[in-house]
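Scroll down for the structure; my scribbles are underneath it.
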Amino acid sequence: MEMTLRWYGPGYDSVTLEQIRQIPGVHGVVTTLFGKQAGEVWTAEEIADLKKTVEDAGLKIAAIESVNVSDDIKIGTARRDEHIANYITTLENLAKNDIHIVCYNFMPVFDWTRTDLARVRPDGSTVLAYNQDIVDQIDPEHMKESVEKMSNGFVMPGWEPERLERLKELFEMYKDVDSEKLFNNLVYFLEAIGPVCEKYDMRMGIHPDDPAWPIFGLPRIITGKESIEKMLKAVDKPYNGLTLCTGSLGSNQNNDICGIIEAAKGRIPFAHVRNLKYNNPRDFEEAAHLSADGSMDMYKIMKTLYDTGFDGIIRPDHGRMIWDEVAMPGYGLYDRALGAVYLQGLWEAIKKNQQN
Ligand code: DNO
């Protein structure tokens with residue numbers, strides 16, 4: 001297990017590499033070329049520059065989150081093969097820079113979705129929250145505007161303005177894409193990138209849908225154990241893996257996270273570990289990583305990762321906004337640092353307990 005922190009890159013993040021380096025046990029970051037559009041090639045030089053920035057600060061790049069998959073690939077338009085060829089070149093260029101773990105998602109139009117980016121919790125901290133009644137009442141255009149308003153002036157991952165300007169067009173393009181077609185397009189993509197992944201030992205980790213059910217009439221295909229098993233079996237190769245995201249999968253209270261970890265044993269290169277609190281089946285809010293602050297048993301999750309031989313990288317996920325920090329919602333320094341240390345504490349105790 002290797003603990004890391006997500007970092008958005010120069011100009012996009014309020015948290016510095018120097019700060020990350022001082023979090024005990026964190027030696028690597030998970031980063032991206034945030035300014036890149038899905039479908040574009042990442043050149044070896046651009047990646048080398050990013051790598052140098054990270055290494056000059058005494059850290060390393062542990063994984064890329066994300067190399068985004070274009071909507072053309074997800075929909076299967078005439079431009080899909082061109083975009084897949086570019087994706088393959090990007091993977092080659094990452095491998096040349098010795099980067100071997102890539103996180104991506106296959107969610108149509110929207111990435112993760114929340115209705116509130118600063119809900120106040122009883123302790124005065126603020127967190128991201130989701131309420132299905134609100135989503136049922138608003139149209140996607142309003143969703144986009146409200147996320148923009150709530151994001152403290154930061155560009156939120158998955159809510160990049162260039163893409164969302166085309167919202168109407170995108171919805172139109174997805175008109176005939178049901179979950180079966182979306183799944184087949186995922187398999188097509190995974191098979192096409194197979195040779196390059198195998199040649200360079202790349203491990204791809206698909207990120208689950210968040211929340212883990214269809215929204216705004218758009219299909220979602222990575223929502224729980226059954227769909228994850230289906231995806232892993234459809235392309236049954238080690239390079240085709242899962243980014244285990246406890247918060248995304250946990251948005252559906254019926255998902256048994258530990259059962260999913262067991263089902264995906266050996267195929268989890270990357271884990272996002274965080275807690276959330278259910279208020280009712282239609283409303284949840286994020287919580288501190290500590291088990292007692294939310295609805296999940298974080299010890300059990302870490303223990304299942306340990307028991308199944310997890311050897312990938314972990315990052316704490318969305319943190320609360322605390323101690324007057326102003327940062328991208330979910331991605332401040334303080335609460336994620338607390339999360340990183342807490343998760344490492346659990347891991348140390350589990351490991352020592354097993355060894356003695
Ligand atoms: C949200 C993130 C997601 C994730 C992408 C992966 O905070 O977990 O945006 O990075 O879905 O492609």
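Read the figures in this text as sums done on the coordinates, not as results from a lab. Model, not experiment: these values are computed from the prediction. A quick note on method: Cβ atoms are made from the backbone with ideal geometry, for glycine too, and the neighbour counts reach across all protein chains shown.
Structure above, values below:
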quantity	calculated
Residue-span extension gain [Asp324 to Thr89] - 0.36 nm each, minus C-alpha spacing	80.4 nm
For region 89-142 versus region 195-213, the gap between their alpha-carbon centres in whole angstrom	16 Å
³J(HN,Hα), Karplus 6.51/-1.76/1.60, whole Hz, each residue of region 123-133, x for Gly, Pro	8, x, 6, 10, 9, 7, 9, 9, 10, 5, 4
5 angstrom amide H check on Asn252, placed H, neighbours 5+ away	Ala212
Karplus 3J(HN,Hα) series, Hz, for region 338-343 with 6.51 cos²θ - 1.76 cosθ + 1.60 (x for Gly, Pro)	4, x, 4, 6, 4, 5
Residue pairs, from the table Lys237/Lys352; Lys96/Lys181; Lys149/Lys175; Lys225/Lys351; Lys51/Lys181; Lys52/Lys74, whose Cα atoms sit over 30 Å apart	Lys237/Lys352; Lys96/Lys181; Lys51/Lys181; Lys52/Lys74
Sorted largest first, extent of region 2-355 alpha carbons per principal axis (Å)	50, 47, 39
Of all DSSP beta bridges in the chain, antiparallel share, percent nearest 5	30 percent
Gain upon complete extension [Asp139, Val187; 0.36 nm per residue less C-alpha separation]	14.3 nm
Region 159-313: equivalent-ellipsoid semi-axes (sqrt of 5 x gyration tensor eigenvalues, Cα, Å)	26, 23, 13
Residue-by-residue Karplus 3J(HN,Hα) for region 224-239, coefficients 6.51, -1.76, 1.60, Hz, glycine and proline x	x, 4, 4, 6, 5, 4, 4, 5, 5, 6, 4, 10, 7, 10, x, 5
Most to least packed among 190-198, 339-347 [average Cβ atoms within 10 Å]	339-347, 190-198
